[in-house]
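A quick write-up on the structure given underneath.
The values are calculated or read from the model by the stated rules, or taken from the named source; none is laboratory data. Computed from a prediction, not measured in an experiment: that's the story for all the values here. Note: areas computed on protein heavy atoms with side chains; ligands, DNA, RNA excluded. Shrake-Rupley method; radii C 1.70, N 1.55, O 1.52, S 1.80 Å.
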Amino acid sequence: MAKPKGYVLYEGPSEIDGKPIVAILTLKSNNVKTGNMAQLWILAKDTAPHIAKKTGEDNSVCGDCPIKKECYVLTFQGPLSVWNAYQRGSYNDEFVNGSGIEKDILKDLIIRFGAYGDPAALPSYLIKAIADNCKDFTGYTHQWNKPQFSFLKNYFMASVESEGLAVNAWSLGFRTFRIKSPDMPLDTGEIVCPADSKGKTCLECKLCNGSKQAANIVIDAHG
C-alpha cells in the first residue's frame, strides 16, 4: 500500500472564533528556506484559503494577525493546493483529532506548525500530542498576548514586529521571532536568524520551538 502524502489531524471548531477548520499534515516539502520538513496546514474547512482571505473568513486560522493582509504565504498556491486535495479526500483521515497518531507517524518527523495558519487555532490537546511525540518542531503565533493562549509559550515563538512588542512578549514568558529593519540593533538575548547569518534551513536549525531553547530570533525585513 502506498504511503499517504498527508494526514487529516483535526476537523472541528477553531479555538480562535469557533468556526470550522481543518489541520492537515503533509509529509514532504520543497520549501528551500525550511528544508524538507513535514508541514502542518491550518485552514478554514469549507472555504478556499484565497477566498477566505478576501472575505475575512481567515480569522478562524489567522486571528487578528497584524500582517495577514501582507502575508508572505500566497494562499492561491500551497494552501489552496492542500485545501483542494482535502476536498477530494486525498489525505488519510484515520488519525483525525489525534487518535493514536503518536504511535504511527510522528516519531521520525520534524514538523513545521503553521505552514499556513496560526497553531493557536488548534485545541491544546492536539498541539501537545504532536509536540510530545514528533522528533522536533518549529512554530510561531501572533496570539501570544491573549491570556487563553499563554500555554503556547511552551511550544512556539511569539511573532512580533517591533522591539516594544518583543518586550511585552518576554514579560509573558514567550521567546520571540522579531522582524526588524536592517539598521536596527539587536537587543540583549537576541540572535540573527541562522538562515541569514549561517545559511541554515529551518530543518537544520530548529531554534524556533518556544521554551525548548533560550534565544530570541531576529530577522531583517526583506523587500
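Summary of values
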| item | result |
| --- | --- |
| Residue-span extension gain [Met184 to Asn97] - 0.36 nm each, minus C-alpha spacing | 27.0 nm |
| With DNA, RNA and ligands ignored, accessible area of Lys206 (1.4 Å probe; Å², nearest 10) | 50 Å² |
| Global size of segment 88-205 as Cα Rg and Dmax, reported in angstrom | 16.2, 50 |
| Using alpha-carbon coordinates, inclination of helix 124-133 to the longest axis of the chain, degrees | 90 degrees |
| Stretch gain in nm, segment Ala221-Ser162, where the contour uses 0.36 nm per residue and the Cα spacing is subtracted | 20.1 nm |
| For the chain, accessible area per residue (1.4 Å probe, heavy atoms of protein chains only), Å² | 48 Å² |
| Mean Cα-pair separation over length for the chain, i.e. relative contact order, pairs under 8 Å, 6 or more apart, % | 19 percent |
| Kirkwood hydrodynamic radius of the chain, from inverse mean 1/r over distinct Cα pairs, in Å | 17.6 Å |
| Accessible surface of segment 78-134, 1.4 Å probe, proportion on carbon and sulfur as whole % | 41 percent |
| Sulfur and carbon atoms: percent of accessible area, segment 159-223 [1.4 Å] | 58 percent |
| Cα pair distances exceeding 18 angstrom across segment 8-91, given as percent | 41 percent |
| Rounded if a/c under 1.5, otherwise prolate or oblate - segment 169-223, Cα gyration tensor axes | oblate |
